[in-house]
Structure formats: structure tokens, C-alpha cells
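Notes follow once the structure below has been shown.
The values are calculated or read from the model by the stated rules, or taken from the named source; none is laboratory data. This is a predicted model, so every value here is computed, not measured. Methodologically, a virtual Cβ is constructed for each residue, glycine included, from the backbone with ideal geometry; neighbour enumeration extends over all protein chains shown. These area figures cover heavy atoms from the full protein model, side chains too; ligands, DNA and RNA do not enter into them. Shrake-Rupley method; radii C 1.70, N 1.55, O 1.52, S 1.80 Å.
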Amino acid sequence: MSIYHTSKLPGRTVTTTDGREFLWFSGTDYLGMGHNEDLRRYIHSATETFGTHYGSSRNNSLRLGIYDEAELQLCDFLQTESALVVSSGMWAGQLLMKVIENISQRDPDITRIIYHYAPGVHPALWGNAFHRNNGDWSEWAMQTVRKINATEPDVAHIICTDAVGSPIVRAFDFTLFNAIQNPVNAWFVIDESHSLGVIGANGNGVVECIDSGLLDNTIFVSSLNKALGIPAGAIWGSESVVETVRKSPWYAGASPPAPAYMHAMKMLLEQDKYEIARVALLDNIAYFNRIVESIGLFDFIPGYPVFCSSNPALFNHLLANGIMASCFPYPSPADAPVTRIAISSLHQKEDLDRLAEVCKQFIA
């Protein structure tokens with residue numbers, strides 16, 4: 001696998017350190033926040049008040065109010081009872097997995113816990129009794145429902161899954177879990193890192209796909225450093241769940257994200273700046289779909305900005321024609337590489353035309 005280097009943040013294009021320029025169709029900056037002038041302005045102004053970082057526990061006797069303000073704004077966006085920001089998406093997942101058994105064992109009659117890990121679930125949710133599952137997601141979901149329905153009521157079940165498949169893009173049918181007969185002891189942990197800001201009526205993820213009977217026991221985690229462009233992570237769900245996390249020693253002992261970014265996120269959400277970028281992204285996705293829908297080259301989800309191929313030769317073909325996607329083993333070096341093309345709100349129609357032209361040449 002070839003490695004390329006750059007000394008400047010990619011946008012529509014990227015220039016490598018050897019002086020070559022490529023159209024850039026990679027990464028996870030789906031809404032183009034890395035080059036968003038509003039985000040830059042908010043961060044710059046916020047550093048005058050909040051500095052560049054906050055070296056303190058969030059549970060200290062002195063509290064910095066911008067964190068609570070940002071979390072309240074995030075709750076409004078997510079349409080959730082409570083939310084908590086932490087330093088990264090990976091830590092959001094691992095922090096939750098450290099306390100999930102305390103959450104699931106509130107009922108004193110619970111005697112044991114069974115974990116159910118979805119195929120391809122992100123390492124952020126790898127916790128107790130984790131094992132790799134390489135099967136089909138829908139078959140796994142149906143098997144999980146059968147296992148849950150066959151166990152005694154003194155067993156708690158923790159179901160861990162991504163909101164969408166990655167690196168191979170897949171949409172998941174969460175209605176399969178509606179067949180759980182006793183959902184009170186079934187806890188869902190869903191990683192929204194690749195869906196937040198993109199999927200949903202206003203970019204608030206897959207919450208609308210979860211049945212109301214399951215939602216009380218559903219906990220979401222996410223990186224905010226993908227579509228939203230904020231170097232932080234979040235955990236959200238019911239107030240009681242979030243408070244359990246907030247009181248844990250792993251939360252108290254961890255440094256929070258930079259407060260200037262919390263101010264910037266609050267302002268972007270308040271002023272619907274993310275939605276403006278999302279409209280542009282959805283327009284780009286629809287445009288590219290129209291011009292490549294007949295070639296059958298990609299795994300993709302309608303309305304989603306990532307297009308994948310298991311053919312590693314596609315990456316080199318794109319590269320030879322001035323387009324850089326990504327192709328590397330994920331999440332471990334032993335996994336098969338996937339050619340992944342990511343469209344962002346920064347791309348122009350001529351960029352998409354060129355990408356489509358080169359992809360059509362590949363299968364000609």
C-alpha cells in the first residue's frame with residue numbers, strides 16, 4: 001500500500017509533498033467544515049475568551065459554562081433528553097462501555113449480562129467479551145433477537161452496532177429489533193460517527209429508525225470530528241444514563257475538549273450553519289448518483305456521501321487520473337483494503353463530472 005504525504009489540509013484538492021495535485025475524494029469531512037469560514041471565525045473569536053484548551057476535570061469545583069451551553073444546544077439538535085461532550089469519539093465509546101454494565105444492571109433481579117456485537121462494529125464499542133463477527137448484519141440482528149427472546153428475564157442484553165456500515169457502506173434495518181418480546185432488559189449502543197450530520201431529517205442520525213419502545217434503552221455515541229468538524233465526541237440518550245456516565249471516575253479523570261470548539265459548535269447549531277452545508281452535500285450526492293447509477297461499480301446508500309468498491313485496482317486507476325480516494329486495511333492491518341470515495345459539500349459539479357468520467361473509464 002502506497003503512502004502519500006501533504007503539508008496542507010485537503011479540501012476539494014490536495015497537493016502532496018512531491019508537488020502533485022489531485023482532486024480529493026477521501027476522509028470524513030462530509031460537510032466541509034475543515035474549510036468553513038464560519039467555523040474558523042467562531043473558533044478565532046472564542047480563543048479570546050476561552051483560550052486554546054481547558055486543563056481541568058469537568059467535575060471540578062469551578063465549572064466552565066460553555067460546556068453546559070454547548071450540550072444543551074446539542075440536545076436540541078439531536079432531540080434527546082441529555083448529552084455529554086468528551087475529548088473524542090473513540091473515548092465516548094470506550095467511556096460508555098466502561099459503565100454500560102452499571103447501567104444495564106439497575107434492576108436488582110439481573111443476574112448476568114450477554115453482549116451482542118454487530119458485524120464490523122467500530123473499535124470504539126469493543127468492550128467485555130468482544131469477538132469479531134464477519135457475517136451479514138441483518139442475519140446477525142435476527143439471530144440476536146432469537147437469542148434474546150430465548151433467554152430468561154434475569155438476563156440483560158447489550159447490543160452494540162454502528163449506525164451505518166463502514167468501511168463498506170451498508171444501511172441497517174433497525175426495525176428487525178422490534179420483534180424483541182421483552183425490550184426492558186435490552187440495551188442498544190449505537191455509534192453514529194459516520195451518520196451524524198448527514199443522515200436523518202436534519203442530520204441528527206438514525207434515531208427516527210428506532211422504535212419508540214426501544215428508544216428509552218438506546219444510547220448513542222459519536223465522534224463530532226467527522227461531519228460536524230469539532231475535535232470531540234458525544235454520548236446522548238436518557239438523562240439517567242448520561243448522569244451515570246457523568247458521575248463515573250473515567251469521565252471525571254479525563255480532560256474535556258477545547259472550549260473554543262464548544263462555542264463554535266454551539267454557534268453553528270444555533271444558526272443552522274450545518275444544515276446549509278448539508279443541503280449542498282445532498283445536492284452533490286444526488287448529482288453524482290444520477291451520472292453513475294447505471295455503472296454498478298459501487299456499494300452505496302442513497303443520500304449518503306460514501307461510495308465503496310472492494311476492487312483495489314480502482315484506487316490506482318483514480319490516482320493515475322488525478323483523483324485521490326483512499327484504500328487501506330481497516331480497522332486492522334489484517335483486514336482487506338477497501339477503495340472508498342467520499343463526496344463533500346466542498347466539491348463542485350465539474351469535480352463530480354470528472355470523478356464519474358474516470359470511474360466509467362475503469363469499467364469500460
What is the percent of Cα-Cα separations in the range 275-364 that go past 22 Å? 25 percent
Please report the antiparallel percentage of the DSSP beta bridges confined to the chain, to the nearest 5. 55 percent
With viscosity set to 1.567 mPa s at 4 °C, what whole-number translational diffusion coefficient in µm²/s follows for the range 124-172 from Stokes-Einstein and a Kirkwood radius over Cα pairs? 104 µm²/s
Using alpha carbons only, what's the Rg to Rh ratio of the range 313-364 with Rh from Kirkwood? 1.03
Given only helices, namely DSSP H runs of n ≥ 4 each adding -39500 (n - 2.57), what is the per-residue ellipticity at 222 nm of the chain, to the nearest 500 deg cm²/dmol? -11000 deg cm²/dmol
Report the charge-dipole magnitude of the chain in Debye, nearest 20, computed about the Cα centre from +1 at each Lys and Arg Cβ and -1 at each Asp and Glu Cβ. 840 debye
Please compute the alpha carbon radius of gyration of the chain, then divide it by the globular-protein estimate 2.2 N^0.38 Å. Two decimals is fine. 1.02
In nm, what is the difference between 0.36 nm times the number of residues separating Met142 and Asp18 and their Cα-Cα distance? 39.6 nm
Residue by residue, what Karplus-based ³J(HN,Hα) values in Hz, rounded to whole numbers, does the range 142-154 have, using 6.51, -1.76 and 1.60 with θ = phi - 60° and x for Gly and Pro? 5, 5, 4, 4, 4, 5, 5, 5, 8, 8, 6, x, 8
How much accessible area per residue does the chain have, in Å², with a 1.4 Å probe? 44 Å²
Carbon and sulfur atoms: what percent of the 1.4 Å accessible area of the chain do they account for? 51 percent
Quick one: what are the phi-derived ³J(HN,Hα) couplings along the range 167-177, Karplus 6.51/-1.76/1.60 with θ = phi - 60°, whole Hz, x for glycine and proline? x, 6, 6, 9, 8, 10, 9, 6, 5, 4, 7
For a quick size check, give me the Cα extents of the range 57-102 along its three principal axes, largest first, whole Å. 29, 29, 20
Shape metrics for the range 106-215, restricted to C-alpha atoms - Rg then Dmax, Å: 13.9, 40
More than 19 Å apart: what percent of Cα pairs in the range 160-242 qualify? 37 percent
May I ask you to work out the translational diffusion coefficient for the range 216-351 at 37 °C, viscosity 0.692 mPa s, via Stokes-Einstein with Rh from the Kirkwood sum over Cα pairs, reported in whole µm²/s? 181 µm²/s
Let me know the Kirkwood hydrodynamic radius for the range 1-106, please, with Cα pairs as the basis and the value in Å to one decimal. 17.9 Å
